[in-house]
Amino acid sequence: MASITLKHVSKTYPGNTKKSVDDFNMEIQDGEFIVFVGPSGCGKSTTLRMIAGLEDITDGELYIDGKYMNDVEPKDRNIAMVFQNYALYPYLSVYDNIAFGLKLRKVPKAEIDKKVHEAAKILGIEEYLKRKPKALSGGQRQRVAVGRAIVRDANIYLFDEPLSNLDAKLRTQMRVEIIRLYEKLKTTFVYVTHDQVEAMTMGTRIVVMKDGIVQQIDTPTNLYDYPVNKFVAGFIGTPQMNFIDAKYIDSQLTIGSKTIDLTKEFLANQDVESLGGGNVCVGIRPRSVKVMDQEGYDEKYAFEGTVNVSEQLGDEVLLYLTVEGKDGDFTIAGNPKKQYKIGDKVKFSINPNEIHLFNHVTEKTLYISK
Ligand code: ADP
Ligand code: MG
């Protein structure tokens, strides 16, 4: 069993005035796969290292299985950690690299042997146990680093961007292997990444952070469908959500010169009057639009754009359009069976049930279509 509770946890590094982590609150249940995601410098590693005991907690409390942990030494926390820059011992075999920590702790030889083989089997590196790290590929080396963590039999596994140094294909492959590992070990995983795709595919719950502050803690689908603010909306999902300034007055939404009716169950969770002149920011996901020749296209909600770039991806075509009222490109998924040229005019309709509205000033979600 290993639950983790963070209560008002903050971190200010010596010499810094700004908090690197600001009032982090969360209850992580035993066996959850939690992902911390956010841009570089948002405080992911700092939070992870405070859980591991590698950084002091400036304010707040950390509990593991209900036990106060702030002052407990890292070695007494029963936590295993895998870093981005895993350093393997170059002169030791894979076997000895995995066994290293166990030998230090004077674990009996037979037990070490059993554990190393078990770990190697889980990770599919049994046949490389006699090799030196330099005779391994990047992915295999990364597996050895994970192997070192698994033999610890820890209650909690912490990963800090373990796949960042791998090329894209290997990263995808290792991602699947880490998910499999989680399914096998059934213990608590906390995984840090700046890659939202990694976060979405791995986490049972995701913590989105920005500037040391937690923005939202939710399941992948809820983050995608119900982001609490513009930052989360823009961070989760590729291609990125389009943002466009608009007016929202008396249930009428005006984008550019087009006004559409948003009367249907459009309950703002904030006083729309407070918007000041009805200024809002509209969020539209590229894949929630329909182009003119597709089923579901609705002239009532139609806009027109001019193609700047068309990206044919095989099963999908992404169009980068100039649309009235929008600075920069407006991205939509076009009809993959069609060829688009630069300068082509494309009509597309938005789905009023799938748009997002954000307060122009606070950037908080005003209304989420359901
Ligand atoms: P992330 O892992 O999300 O990229 P970090 O947790 O490493 O972010 O860093 C959060 C903030 O704390 C950054 O502004 C970073 O510069 C600062 N920081 C990290 N480590 C230290 C340190 N040892 N001393 C001072 N500031 C640090
Ligand atoms: Mg980091």
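Every read-out reported here was derived from the displayed coordinates using simple, explicitly stated rules and does not represent laboratory data. All values reported here derive from a predicted model rather than from experimental measurement. No Cβ is skipped: glycine too gets one built from the backbone with ideal geometry, and neighbour counts run over all protein chains shown.
The table that follows gives values for the structure above.
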| item | result |
| --- | --- |
| Contact order normalised by residue count of the chain, Cα under 8 Å, 6+ apart, percent | 15 |
| Loop-resident sites, region 1-104, for trypsin sites (Lys or Arg not before Pro), counting at most 14 other Cβ within 10 Å (DSSP) | LYS18 |
| Percentage relative contact order, region 58-182, counting C-alpha pairs under 8 Å, at least six apart | 36 |
| Proximal charge balance of VAL107 [Cβ under 12 Å; K/R count +1, D/E count -1] | +4 |
| Tensor-based shape of region 1-147 (alpha-carbon gyration tensor, a/c under 1.5 rounded, otherwise prolate or oblate) | prolate |
| 29 Å Cα-Cα threshold exceeded, pairs from LYS115/LYS210; LYS106/LYS132; LYS44/LYS109; LYS67/LYS130; LYS210/LYS337 | LYS115/LYS210; LYS44/LYS109; LYS67/LYS130; LYS210/LYS337 |
| Highest-MSF residue in the chain out of PHE243, PHE303, PHE33 [GNM, Cα springs under 10 Å] | PHE303 |
| Simple Cβ-charge dipole of the chain, Lys/Arg +1 and Asp/Glu -1, about Cα centre, in debye nearest 20 | 1680 |
| Order of HIS360, HIS117, HIS8 under a 10 Å beta carbon neighbour criterion, fewest first | HIS8, HIS117, HIS360 |
| Residue among ASP344, ASP59, ASP22 with the largest mean-square fluctuation in a Gaussian network model of the chain, springs linking Cα atoms under 10 Å | ASP344 |
| Tensor-based shape of region 188-230 (alpha-carbon gyration tensor, a/c under 1.5 rounded, otherwise prolate or oblate) | oblate |
| Positive-end residue of ASN16, ALA99, ILE28, charge dipole of region 1-131 with Cβ unit charges | ALA99 |
| Sequence of ARG285, ARG105 once ranked by neighbouring C-beta atoms within 10 Å, starting from the fewest | ARG105, ARG285 |
| Least to most buried among VAL307, VAL35 (fewest other Cβ within 10 Å first) | VAL307, VAL35 |
| Tensor-based shape of region 67-111 (alpha-carbon gyration tensor, a/c under 1.5 rounded, otherwise prolate or oblate) | oblate |
| Size of the chain as Cα extents on the principal axes (Å, biggest first) | 75, 47, 36 |
